Amino acid sequence: LSRLAPADLVLVEGYKREPHPKIEVRSSPEAEPLAPGDPAIVAVAADFQPGSGDLPWFRRDDISAIADIIAGSMR
């Protein structure tokens, strides 16, 4: 990250176990959700409505809403 110092925002894929803010992307309803055991997850992106939870949920192709939650978490 030090080489990206002029960047205001860096998006990474992976690093599930690191304590940085995350958006969980669920590929299927059968996939084991990560959010209940990870307080760093701030939202869920999936093509189906997750069964339970208090996190914001967005469809995976709702780029505008996902960008809004990312921008809001930087404040």
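The table that follows gives values for the structure above.
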item: Matching residues, the range 29-50, being over 13 Å from the mean Cα position of the chain (by Cα) and without any contact (Cβ under 8 Å) to a residue 12 or more places away in the chain; result: E30, A31, E32, G37, Q49
item: Criterion violated by E13 - all others in (1) over 13 Å from the mean Cα position of the chain (by Cα); (2) part of a loop (DSSP other than H, G, I, E, B); (3) at pLDDT 85 or above; (4) not small (G, A, S) satisfied; result: (1)
item: All positions within the range 20-44 that are surrounded by 14 or more Cβ atoms within 10 Å (Cβ to Cβ), hydrophobic (A, V, I, L, M, F, W, C) and farther than 16 Å from G72 by Cα; result: V25, L34, A35
item: Residue that is assigned to a loop (DSSP other than H, G, I, E, B) and out of contact with any Pro (no Cβ under 7 Å at 6 or more places or on another chain), where the choices are A71, A7; result: A7
item: Residues within the range 57-67 that are over 17 Å from L11 (Cβ atoms) and open to solvent by less than 90 Å² (accessible area, probe 1.4 Å), tallied; result: 1
item: Tally, over the range 35-54, of residues that are assigned to a loop (DSSP other than H, G, I, E, B), closer than 20 Å to A65 by Cβ, touching a strand residue (DSSP E or B) at 6+ places or on another chain (Cβ under 9 Å) and of a type outside the set (F, W, Y); result: 5
item: Subset of the range 1-10 [open to solvent by less than 100 Å² (accessible area, probe 1.4 Å) and either farther than 23 Å from W57 by Cβ or within 10 Å of the chain's Cα centre (by Cα) (or both)]; result: L4, A5, A7, V10
item: The range 16-25, subset of a type in the set (D, E, K, R) and under 10 Å from the mean Cα position of the chain (by Cα), residue farthest from L1 (Cα to Cα); result: E24
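The values are calculated or read from the model by the stated rules, or taken from the named source; none is laboratory data. Note that this is a predicted model, so its numbers are computed, not measured. When we count neighbours, we look across all protein chains shown, and the Cβ atoms used for this are built from the backbone with ideal geometry, even at glycine. Surface accessibility is based on the protein's heavy atoms, side chains included, excluding ligands, DNA and RNA. Shrake-Rupley method; radii C 1.70, N 1.55, O 1.52, S 1.80 Å.
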